[in-house]
Amino acid sequence: MVLLDLVQRVYCAFNPPTPVKKNDAIRIGLLGASNIAPFSVINAAKSHSEVIVVAVAARDRERARQYAEKHDIPIVHDSYQALIDDPSVNAVYIALPNSLHYEWSLRSLKAGKHVLLEKPSCSNAEEARKLFNHPLVTAPNAPVILEAFHYQFHPAWQTFLSQVHQSPYGGAVKHVSSSFYLPKSYLTLDDIRFKYGMAGGCLMDLGTYPLSCVRQVLGREVRLHPVTAQHKPLPPAADGSAREPQIDAGVSATYRTDKGQTAQIDGDLLRGGGWSLSPLSWAKGLGLEWPVTHATLEEALVDSQDDGAQHFVQRNVTLWNQMLPWFYHRIDVCDTHVLRRQGRDVKTWKETKYLKAYNWPAGDERANVYRDWWTTYRCQLEEFVNRIKVRKGSGVWVDGNESIAQMEAIDATYAQLGLKSRPTTAVEI
Ligand SMILES: NC(=O)c1ccc[n+]([C@@H]2O[C@H](COP(=O)([O-])OP(=O)(O)OC[C@H]3O[C@@H](n4cnc5c(N)ncnc54)[C@H](OP(=O)(O)O)[C@@H]3O)[C@@H](O)[C@H]2O)c1
């Protein structure tokens, strides 16, 4: 049954039903013939009756034409500017190198387009503050701009958060950790992610997810103070010289908050290692490790009995695979109960439950809209459209303050690493 459900989800995710598009569907244009857009927007839009991917622009028109032909996109533009000047386009998807996010967001907003902006929102916190406080964003009825933290929109992530924050046993968060790795064969060393001038680095790319995850668990308003940080440099070039010394190919960092809570993040774009005899380390050697987020809560007093006994519970919550939860995930909720009398433990027991949340809970009106096979990108697109159409939606959103705080946490981590914040190269608009 579990396997059949998984096969069904994967089949529908890659071969989604294609409803008739509505007359007032949002017409999205793609800035760049990017690698990610076929997954994040083109495929997600197929099953949305109110989204059509209508245009693409690339630096090389012939490449854009071939991309358009492959993905059935009707309009090809010669330049990014020509696409945002196209009055038939209502919204743009910006999946350009990070160094171009700020400039092309502002250009698009100025042209009145809604913006779905790939993470990280900008090259550094200064750019993020300028972008999200810009009158083009803050004016009444301004176009919508969303930093594409797609994982947050999936019911699995929200269920995990509710097990941390809304349970009767939920104490304050004591420690949170999050990790995400890519196997080292996945990217080549000439990738945009390994170029400092393009605002690359692991923390800017895949590492931004663990950082976002721990911030979500601790509370978006909580300030993280880096305590320790290490990075893995790029392997040296063939002649032995250092390649892009400001680039972190992998990153590990620990933090504390003003209340003394602690956090740890780990990310690696070139995960891999040697071989050993244990199958578990083979998987590690290949870089095949689940993305995981783990929260440890403070012990909470849940009941005081007439005989003087007090019932305490300490909860741990783990979400396995926050990045591709639609494929498979598991939420482990482990409660350690203690009955204590006059400071002495008189009884201890554990209760563990394993949850799945491919959709919102039964009975929740959102469950009638969402589908079990929706990818994180599809969930995100649903809420992007709801926001543009001024509908209530699921309630999940990434606002400008959140995007600014995320970039501030990235810059603070780079400072702790002894690396420079990513440079501003954008042309002022
Ligand atoms: N949400 C996610 O799951 C996810 C996953 C992967 C990536 N991302 C984000 O999406 C963005 C793009 O990532 P990607 O993997 O799709 O990248 P990519 O395909 O390597 O590059 C994206 C586009 O950047 C454009 N570009 C403009 N100037 C460039 C230059 N000087 N050198 C190289 N490319 C240039 C290219 O556009 P032309 O077509 O015009 O040549 C290319 O199509 C990044 O911000 C990344 O962090 C998000």
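Read-outs: derived from the displayed coordinates by stated rules, not from any lab. Predicted, not measured: the structure shown is a model, and the values here were computed from it. Note: ideal-geometry Cβ built from the backbone for every residue, glycine included; neighbour counts use all protein chains shown.
At-a-glance table
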{"quantity": "Pairs from LYS21/LYS46; LYS195/LYS420; LYS22/LYS389; LYS174/LYS353; LYS46/LYS70; LYS184/LYS420 whose Cα-Cα separation, in the structure shown, is over 19 Å", "calculated": "LYS174/LYS353; LYS184/LYS420"}
{"quantity": "For LEU136, LEU319, order by how many other beta-carbon atoms lie within 10 Å, fewest first", "calculated": "LEU136, LEU319"}
{"quantity": "Vicinal HN-Hα couplings computed from phi for the stretch 143-152 (Karplus, 6.51 cos²θ - 1.76 cosθ + 1.60; Hz; Gly/Pro x)", "calculated": "x, 7, 10, 9, 6, 7, 7, 4, 4, 5"}
{"quantity": "Backbone HN-Hα couplings from phi across the stretch 112-120 [Karplus 6.51/-1.76/1.60, Hz, Gly and Pro as x]", "calculated": "x, 8, 6, 10, 9, 10, 4, 7, x"}
{"quantity": "Residue list for the stretch 132-150, given a label point 7 angstrom along the Cα-to-Cβ vector of HIS165 and an amide N cut-off under 18 Å", "calculated": "147, 149-150"}
{"quantity": "Amide H partners (placed H, <5 Å) of LEU270, local residues excluded", "calculated": "LEU182"}
{"quantity": "Net lengthening on full extension, ASP190/CYS334 (0.36 nm per residue, minus Cα-Cα)", "calculated": "47.5 nm"}
{"quantity": "Given charges at beta-carbon only (K, R positive; D, E negative), |dipole| of the chain in Debye", "calculated": "300 debye"}
{"quantity": "Debye log10 I(q)/I(0) at q = 0.22, 0.23 Å⁻¹ for the stretch 100-170, Cα point scatterers", "calculated": "-0.88, -0.92"}
{"quantity": "Neighbour-count order for TYR102, TYR354, TYR370, fewest beta carbons within 10 angstrom listed first", "calculated": "TYR354, TYR370, TYR102"}
{"quantity": "Shape metrics for the chain, restricted to C-alpha atoms - Rg then Dmax, Å", "calculated": "22.8, 80"}
{"quantity": "The chain, helix-only ellipticity at 222 nm - DSSP H runs n ≥ 4, -39,500 (n - 2.57), divided by all residues, nearest 500", "calculated": "-8000 deg cm²/dmol"}
{"quantity": "Fewest-first ranking of LEU419, LEU355, LEU301, using other Cβ atoms within 10 Å as the exposure measure", "calculated": "LEU301, LEU355, LEU419"}
{"quantity": "The stretch 172-297, Cα convex hull volume normalised per residue, Å³", "calculated": "120 Å³"}
{"quantity": "In Hz, Karplus ³J(HN,Hα) per residue of the stretch 362-372 (6.51, -1.76, 1.60; θ = phi - 60°; x = Gly, Pro)", "calculated": "4, x, 6, 4, 5, 5, 6, 9, 6, 10, 4"}
{"quantity": "Protection proxy ranking, peptides 372-383, 83-94, average beta carbon neighbours within 10 Å, highest first", "calculated": "372-383, 83-94"}
{"quantity": "Dipole moment magnitude, nearest 20 debye, the stretch 172-297 about Cα centre, only Lys, Arg, Asp, Glu C-beta charged", "calculated": "380 debye"}
